[in-house]
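For reference, the structure discussed in these notes is given below.
Quick note: the coordinates plus some simple rules give every number you see, no bench work behind them. Just so you know, these numbers come straight off a predicted model, no measurement behind them. So basically every Cβ, Gly included, is an ideal-geometry build from the backbone, and we count neighbours across all protein chains shown.
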Amino acid sequence: MNSSTNSSNSSTSSGHSGNVWLDQNRVKSLLVVAKDANLQGCDLEKTVIENGIQVQKKFVNKKGDTVIVFPNQSSRDSLKQKLTSSGVTSDLLKEPKDKCPTISVVGIPKELNKESSDVIYNTLLRQNPYISDCLKNSTSVFEILSVKPLKSNDNVKQAIIKISDDIRYAIKNKSNKSFYGLVSCPVYDQPYIKRCHKCQGFGHYSKECSKSTCCGICASPDHQTQNCTPKDSSDIQSKYSCCNCTKAGKTGDDVKKPAFSNDCPSYREKQDKLKASISYYSKN
């Protein structure tokens, strides 16, 4: 994307840009200053004020590192230069990569799975040359994360794919459809949240989990989800209890859902939080 397209329209007579909160061409940038960095000799607030550097907020993360959020990359680069000139070494200054949107391509042949990622990848690129064109840019991303059936129809497979903004815009310009084999597959946004099938928590998978077991259906710590009975009885809904929503202090109908439901309020909140951190979603 060319962020300079509307610069002439957003500039003011003082030479500064217009309202940074409304300028949709601006993408938030981060600078992480490692806790080992010596900031004693650098007054951050004084530095940004004296140099006209725009900062949205500053906080300390769980690791003890200082995280600074900027409304644009130029502000980040300016402060980074000031910090290095004051003696902070570059290895203590990290610039996290922008998070990518994820999509669901629905209609992948049902015999395919994650092990078929290369086949899916090559087919999509071959039949949708605009994706290949985008990938000529070394910063473009197109990574198949998983292949799984739809929850509403086991006979229909979807591919969950992480892509860069330029490819997402290209797909949007193609009416959110991609060709695969003899069909035109609809494409949907699907912010990808890791979920553990063991503890039902977010941010990791069961193979990495060191937490206690929690049933995804009834929230019992005494058995795994696949051992919950009776799974197919007519009163299954009466057993629904989401451990994540319970831990979050939610009550009533919010809790009466399985932890793996896409309608789980806790899951939706995680999705919304993730979307807010991805530039594509914040602008569309």
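Here are some notes:
- Per-selection Kirkwood Rh - the range 125-284 (Cα, Å, 1 d.p.): 18.0 Å
- With 5 Å bins beginning at zero, the pair-distance distribution over Cα atoms of the chain amounts to 1, 5, 9, 12, 12, 13, 13, 12, 10, 7, 4, 2, 1, 0, 0 %.
- Of Lys82/Lys273; Lys198/Lys239; Lys97/Lys211; Lys62/Lys114; Lys62/Lys162; Lys172/Lys257, those spanning more than 25 Å from alpha-carbon to alpha-carbon: Lys82/Lys273; Lys97/Lys211; Lys62/Lys114; Lys62/Lys162; Lys172/Lys257
- On full extension, the segment bounded by Lys172 and Glu50 gains 39.7 nm, given 0.36 nm per residue less the C-alpha separation.
- The length gained by stretching the chain between Leu145 and Ser132 to full extension, at 0.36 nm per residue less their Cα-Cα distance, is 2.8 nm.
- The angle between the Cα long axis of helix 265-276 and the main principal axis of the chain comes to about 30°, on a 0 to 90 degree scale.
- Stretched out straight at 0.36 nm per residue, the stretch from Lys256 to Lys273 would grow longer than its current Cα-Cα span by 3.9 nm.
- Cα centroid separation - the range 119-147 against the range 207-281, whole Å: 33 Å
- Converting the Cα gyration tensor eigenvalues of the range 45-104 into ellipsoid dimensions via √(5λ) gives semi-axes, longest first, of 23, 15, 12 Å.
- On the principal axes of its alpha-carbon atoms, the range 170-225 has extents of 48, 20, 18 Å, going from largest to smallest.
- Helical mean residue ellipticity (222 nm; -39500 (n - 2.57) per DSSP H run of 4+; nearest 500) of the chain: -6500 deg cm²/dmol
- Working value for the range 97-207: equivalent-ellipsoid semi-axes of 23, 18, 12 Å, each the square root of 5 times a Cα gyration tensor eigenvalue, largest first.
- Cα-Cα pairs of the range 235-284 separated by more than 17 Å (percent): 41 percent
- Residues Lys114 and Ala34, FRET efficiency given R0 of 35 Å [Cβ-Cβ distance, rounded to 0.05]: 0.50
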